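Only one structure is covered here, and it is reproduced in the block below.
Every number here is computed from the coordinates shown, using simple stated rules; none is lab data. None of the values given here were measured: they were computed from a predicted structure. As a convention, Cβ positions derive from the backbone with ideal geometry for all residues, glycine included, and neighbour counts pool all protein chains shown.
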Ligand SMILES: Nc1ncnc2c1ncn2[C@@H]1O[C@H](COP(=O)(O)OP(=O)(O)OP(=O)(O)O)[C@@H](O)[C@H]1O
Ligand SMILES: [Mg+2]
């Protein structure tokens, strides 16, 4: 009995099992949790972190790191609003945001992968730089949208499902395919497993890493546009701490910080666990201050579980 | 008979793998005990259990009659058990002295005295005849030197039991001698030494007694090696007879295919040139640090070449990128599989298909069916011992990892030149002769094969021609009719030492 339980919890799908159990418990004991309204609200709340977690997964899988995503989300959201206001064209606004995000990502990638500066330091610097740019171009204030159609990006829906949730679902699907079905995904994991060996086996290590950072910037931009649309303005202080949530979600989902290990389903579960924890605490009217504590506890628990799993079976 | 050291009924299982089953044997005080067996037979697992790194599912370890329970590596070393693992464990960014003193730095009022530490360690190294600078960073040392340092580390603490897992796998015969003198001294102090090796010569030269493992079970135990023959051990190991492991046959050689001339990289230059013909197996022999691996890395572009030319069938270039080399039809299998061979945490399948998959993937998408097919083919051809192609390569035994890396290049198509650096490092006799047969087959199909090896019998056994390197230059060339052990060794030694050994 105990041994089968142990096997279940520590096996490949351990996190999924725990997630399922938690989901059932929460559905039964928390009133209103399963109402359509709440579920949609929950999903909408995880869109930003979910989108960023997709690309963060690739980044961590190559042993890299990106702390600048929170700033980039705010900055690109601001860009979207300001370009839209200036040109009167929403597509141009979105394009501007994506270009800005990609540029930030490329800069990160080139400094880290080509020049060889530590990712933690580099993105710590760009995180502040980009936050600074956002504050400078907005003069530190929220910038309202002049074009009402801009709200529709987040408010519109397809078959009753809000567009942002659709976008997130598509992102999960696409990144799942990229990771498991493409040469690019396999190379990403190979680099994380051993960068020197990957290079000798003919993998374009530098190019792959730069590309991943660029993708990270684009994903942050998409998240930034959706967020700006939802809050109907560009906020220079939006999405602070997002980088940590995204990394937490990945780690919760079994992505190894030492690289080489990542699954899309794991990251999806990680994102959902964080989202549900927050949602439930809101439903139960728990003070926001405690939410930090709970998130910390969840993360520690996940890491301990992972540690237990590695030491009980496979080495390293 | 009373044994000083004993394994009793050791059993160890990993998910899907029974690594050891009820293994028991003993070793007398001051004896060197050989441990042999095929790749994946369980030798390293047995050693890991002794080191406290892994725990057995059942069984016990006894030292001097007392049962030992090692919960950790620290625990084992505190109880006088030192282990040198198959894959080296030194910290690359620290100096040799720091590595040797790790965990017990000599200090004065809490401050580490660097000077004293380096002087102390240098004294020990010199005493053992190890030609390594105590102040050098480990990452700057060649693999063989690292291996010596690791053994010195075990010798420095007064250990009751020392286990050496394939300590000579990257040492040349000369460096091995230094190691053997170290072992003799430890033995005289009454230390029990467990000695894992795939080299039969060493076992007979060093060991007083030995054990053979097969499929995780005890296949034979010899309390004395008197009257034991090599053939007997081989058949105990593999369960069949192997008559001639070299099995070399004359092959017709084709036209000149590869010309290498005066390559130089950022770190060192290798003047001189050589050529290799189609279908030729060309050996590179030399001492550690002679520049053989460096030369191969420059040919392949693993370290970008700055000057010099490689000419491949008339196409002349300076290699700077492995990717380019693979497209030109050159593959390189490095000597240090842990550092730049295996992709940790990834499956056997992915490790095999990483390079060759570009041949079949379309528009950046994988073809899972083809990946599986190719992986299975290599696993079968090389007899890789793994529960499935999905197994994490880090969980394979050392020799099986080596086979997977070879398989990575055998999966390629259109290769013209295959460079293998210590191709049979850590590979058992049976598999060795299979790999040689494979190399012959490739050569017969017209592949040019460059083999770097520190094993004299191997170089002489399988190569059509041998270049000897010494101090970064090619010092001599031999063909099969001019091969002789003395001549090859003499050419490998720098001038100064040449006479002393000849005398
Ligand atoms: N952590 C692990 N997880 C799963 N299987 C393992 C693990 N470690 C070892 N094994 C398996 O246990 C068996 C014995 O491995 P071991 O490393 O002891 O072999 P070995 O005799 O040292 O071989 P070699 O000569 O190749 O070094 C192998 O089949 C190997 O795949
Ligand atoms: Mg081994």
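Remark: spin-label model distance residue B:87-residue B:240 equals 3.0 nm, labels positioned 7 Å along the Cα→Cβ axis. Distance distribution note for the protein assembly as shown: the fraction of Cα pairs above 50 angstrom is 26%.
Between residue A:285 and residue A:308, the distance separating the two model label sites (each 7 Å from Cα on the Cα→Cβ line) works out to 3.5 nm. Scaling the Cα radius of gyration of chain A by the globular reference 2.2 N^0.38 Å produces a ratio of 1.01.
Dividing the summed helix terms, -39500 (n - 2.57) for each DSSP H run of n ≥ 4, by the number of residues in the protein assembly as shown produces a 222 nm estimate of -15500 deg cm²/dmol to the nearest 500. Cα centroids of the stretch A:198-240 and the stretch A:94-157: how far apart, whole angstrom? Spelled out, the Cα-based centre of one part sits 9 Å from the other. What is the stretch A:202-316 by shape, rounded, prolate or oblate, if you read a ≥ b ≥ c off the alpha carbon gyration tensor as root eigenvalues and call it rounded for a/c under 1.5, prolate for a/b larger than b/c, and oblate otherwise? Cα axes put the stretch A:202-316 in the oblate bin. Averaged over residues, the count of other Cβ atoms within 10 Å places the peptides B:183-195, A:77-89, B:310-322 in the sequence A:77-89, B:183-195, B:310-322, highest first. Taking the fewest neighbouring Cβ atoms within 10 Å as the starting point, the ordered list for B:284, A:289 is A:289, B:284.
Per-residue mean of other chain beta-carbon atoms within 10 angstrom of the beta-carbon, peptide A:200-209?
On the way: counts 18, 16, 13, 6, 2, 1, 0, 0, 0, 0.
Mean partner-chain Cβ count within 10 Å for A:200-209: 6.
Across peptide B:345-354, the mean count of Cβ atoms from other chains lying within 10 Å of each residue's own Cβ comes to 5.
In square nanometres, what is one fourth of the surface area of the convex hull spanned by the alpha carbons of the stretch B:343-413?
Directional mean of the projected Cα hull area for the stretch B:343-413 stands at 4.3 nm².
Counting neighbouring beta carbons within 10 Å and listing from fewest to most, the residues B:469, B:447 come out as B:447, B:469. With the simple spin-label model, which puts each label point 7 Å out from Cα in the Cβ direction, the residue B:360 to residue B:437 separation comes to 2.5 nm. The relative contact order of chain A comes to 32 percent, based on Cα pairs under 8 Å that sit 6 or more residues apart.
Sorted by packing (mean other beta-carbon atoms within 10 Å per residue), highest first, where do A:111-119, A:151-159 land?
Listed from highest to lowest mean packing, they are A:111-119, A:151-159.
Between helix B:114-128 and chain B there is an angle of about 90 degrees, using the helix long axis and the longest principal axis of the Cα atoms. Shape call for the stretch B:168-244 from the C-alpha gyration tensor, a ≥ b ≥ c root eigenvalues: rounded (a/c under 1.5), prolate (a/b greater than b/c) or oblate? Here the stretch B:168-244 falls in the prolate category.
Evaluate E = 1/(1 + (r/R0)^6) for residue A:142 and residue B:123, where r is the Cβ-Cβ distance and R0 equals 51 Å; express this FRET efficiency to the nearest 0.05.
Calculated transfer efficiency: 0.15.
If both residues of a DSSP beta bridge must be in chain B, then about 55% of such bridges are antiparallel.
Between residue A:13 and residue A:28, the contour length at 0.36 nm per residue exceeds the Cα-Cα span by 3.1 nm.
Shape analysis of the stretch A:16-143 places it in the oblate category; the axes a ≥ b ≥ c from the Cα gyration tensor give an a/c of at least 1.5, with a/b not above b/c. Rounded to the nearest 10 degrees, the inclination of helix B:143-156 to the longest alpha-carbon principal axis of chain B is 0 degrees. When A:57, B:460 are sorted by how many other C-beta atoms sit within 10 angstrom of their C-beta, beginning with the fewest, the order is B:460, A:57.
Between 0 and 90 degrees, the angle of helix B:429-444 with respect to the longest Cα principal axis of chain B falls at about 10 degrees.
Between residue B:205 and residue B:261, the FRET efficiency from the beta-carbon distance, with R0 = 41 Å, is close to 0.50.
Across all directions, the average flat footprint of the convex hull enclosing the Cα atoms of the stretch B:434-483 is 3.9 nm².
Work out, in µm²/s and without decimals, the Stokes-Einstein translational diffusion coefficient of chain B at 10 °C, 1.306 mPa s, Rh from Kirkwood over C-alpha pairs. Taking Rh from Cα pairs, D becomes 66 µm²/s. Taking every residue in B:360-371 and counting other chain Cβ atoms within 10 Å of its Cβ, the average works out to 3. Secondary structure note: in the protein assembly as shown, about 60% of the DSSP beta bridges are antiparallel.
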